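Q: I'd like to ask you about the structure that follows.
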Amino acid sequence: MSFIKDFFNYVRTYSRYVDFTIVITYVLLSLIGLVMIYSASMVMASRTPGITGGNPEHFYIRQLISILLGFTVVFIMAYFMSGEFLRNKYFQIAATVGIFILLVFTAFFGTEVNGERNWIRLAGFNFQTSEFFKIVTILYLAYIYDRKKDRLKQLEGGHLVPLAFIGFCTMIVISNDFGTGLVITGIIAGIFIYSGISIRFLAKVGGALAVAAGAVGVIIYMVKGSILSPHQQARIDTFLHPFNDPTGTGYQLTNALVSISHGGIFGNGLGDGVMKLGYLPEPHTDFIFAVVAEELGLIGVIFILCLYLIIVIKALRYAAVSQDMFYRLICIGVAIYISFQLFINLGGISKLIPLTGVPLPLLSYGGSSFLSISIAVGLLIIAAKHVKKSKALGHT
């Protein structure tokens, strides 16, 4: 009993440093996503007994497991993990080497899903390694440029070492999953710019990236015969001419646009959407926003977007007030991760940009994506905790 009492006393003591606005917003988005996944997938799940056993709650239950795991991860990070652990050299080495091995293994031996080889089959679940590379990118760049913060204005070749590693890994991801690679590229660019690196060095970095991208592109072309996979090429064609083949390649995008238009201001009501009834293939994944718009309408969409905005604003605020480069770059990385992925998903569904297969953060079905975002939220809470502790001690 004394252990339980000490545990709750510990949690109560450290709760004053936890930003519960972030926690509550994260929980709300997760639960809204769970409800919408059930609404979007129950009919499809009951019609695909070969995959789900005819259980309409199949995807709902699997997502619930991911959410419970994600909540546990966030709780542990909020109360039992410090930024100093994340700064540890051996942790950084283990994380970077581990993710590199996983990415290479996935590229050659991974499971192909929906035309993209970016999955590893593990204990009955598909594990998407590229989702966790986003987290490693944020942590690794924050660690490296925190160590080099006194020399960021200098044009040194040593800065190219982390760039070369992250850039090479990103090109591996892009070759199999363009959308995720695009998000990672946005994270890299945002952290580089915010870190205070000189303009001359940024220009040098841009040139190096262009050369590296060209070299990797040539290698991919020589091995595969094309830089983009047929699946990726089809997505670009669909973006340019979605209504040329509304029952073929443009089927999903066309029906997504119809679904969004059906929602109006107040929506058709939760569970009363029509387009999920066979018109939107796998509506619980990347296209769940179309179901949200149809059932909850413009009001529901605005409410959900405001929840995302709260997390992003919180991240930017902590980046602005913290004087510790490591935590500042973590906050910026998390803000870009969530906002850029949100833009790519919504932009693809609304035909603003080509479809890339990027999930809607916390709302789309998928354990890897949910756990990756959960870890990112945990990192933000750790950074916020550091800022609050520092403020209590009289410095930030």
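Q: Go through the stretch 1-30 and report how many residues are of a type outside the set (S, T, N, Q), assigned to a helix (DSSP H, G or I) and in contact (Cβ under 8 Å) with a residue 12 or more places away in the chain.
A: 11
Q: Let me ask you something else. Only one residue in 105, 85, 75, 100 is in contact with a helix residue (DSSP H, G or I) (Cβ under 7 Å, 6 or more places away or on another chain) and either outside any helix (DSSP H, G or I) or without any contact (Cβ under 8 Å) to a residue 40 or more places away in the chain (or both), so which one is that?
A: Values: 105 fails: in contact with a helix residue (DSSP H, G or I) (Cβ under 7 Å, 6 or more places away or on another chain); 75 fails: in contact with a helix residue (DSSP H, G or I) (Cβ under 7 Å, 6 or more places away or on another chain); 100 fails: either outside any helix (DSSP H, G or I) or without any contact (Cβ under 8 Å) to a residue 40 or more places away in the chain (or both).
None of the others qualify; the one that does is 85.
Q: Something else about it: I'd like to know if the stretch 22-32 contains one or more residues that are among the small types (Gly, Ala, Ser) and within 17 Å of residue 374 (Cβ to Cβ).
A: yes
Q: Give me a count of the residues in the stretch 261-311 that are under 25 Å from residue 339 (Cα atoms), at pLDDT below 90, open to solvent by 10 Å² or more (accessible area, probe 1.4 Å) and in a helix (DSSP H, G or I).
A: Qualifying residue count, the stretch 261-311: 1.
Let's see how each residue does on (1) hydroxyl-bearing (Ser, Thr, Tyr); (2) loosely packed, with under 15 Cβ neighbours inside 10 Å:
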site: 45; (1), (2): no, no
site: 52; (1), (2): yes, no
site: 59; (1), (2): no, no
site: 63; (1), (2): no, no
site: 69; (1), (2): no, yes
site: 80; (1), (2): no, yes
site: 86; (1), (2): no, no
site: 90; (1), (2): yes, yes
site: 94; (1), (2): no, yes
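Q: Being in a helix (DSSP H, G or I), open to solvent by 10 Å² or more (accessible area, probe 1.4 Å), at pLDDT below 75 and more than 22 Å from residue 344 (Cβ to Cβ) narrows it down to one residue among 153, 204; which is it?
A: Unique residue meeting the criteria: 204.
Q: Considering only residues that are at pLDDT below 80 and surrounded by 14 or more Cβ atoms within 10 Å (Cβ to Cβ), which ones fall in the stretch 1-42?
A: Within the stretch 1-42, 11, 14 meet the criteria.
Q: Only one of 389, 314, 351 is open to solvent by 40 Å² or more (accessible area, probe 1.4 Å) and at positive phi; which?
A: 351
Q: I would also like to ask the following. Does residue 364 count as among the hydroxyl-bearing types (Ser, Thr, Tyr), open to solvent by less than 20 Å² (accessible area, probe 1.4 Å) and part of a helix (DSSP H, G or I)?
A: No; evaluated as a whole, the condition is false for this residue.
Q: How many residues does the stretch 318-348 hold that are among the aliphatic types (A, V, I, L, M), open to solvent by 10 Å² or more (accessible area, probe 1.4 Å) and at pLDDT below 95?
A: Pass one, the stretch 318-348, residues among the aliphatic types (A, V, I, L, M): 319-321, 325, 329-330, 332, 334-336, 338, 342, 344, 346.
Checking which are open to solvent by 10 Å² or more (accessible area, probe 1.4 Å) leaves us with 320-321, 325, 332, 336, 342, 346.
Narrowing the set further to residues that are at pLDDT below 95 leaves 320-321, 325, 346.
The number of residues fulfilling the criteria is 4.
The values are calculated or read from the model by the stated rules, or taken from the named source; none is laboratory data. Since the model is a prediction, treat every value here as computed from it, not as a measurement. When we count neighbours, we look across all protein chains shown, and the Cβ atoms used for this are built from the backbone with ideal geometry, even at glycine. Side chains are part of the model used for accessible areas, which takes the heavy atoms of the whole protein and leaves out ligands, DNA and RNA. Shrake-Rupley method; radii C 1.70, N 1.55, O 1.52, S 1.80 Å.
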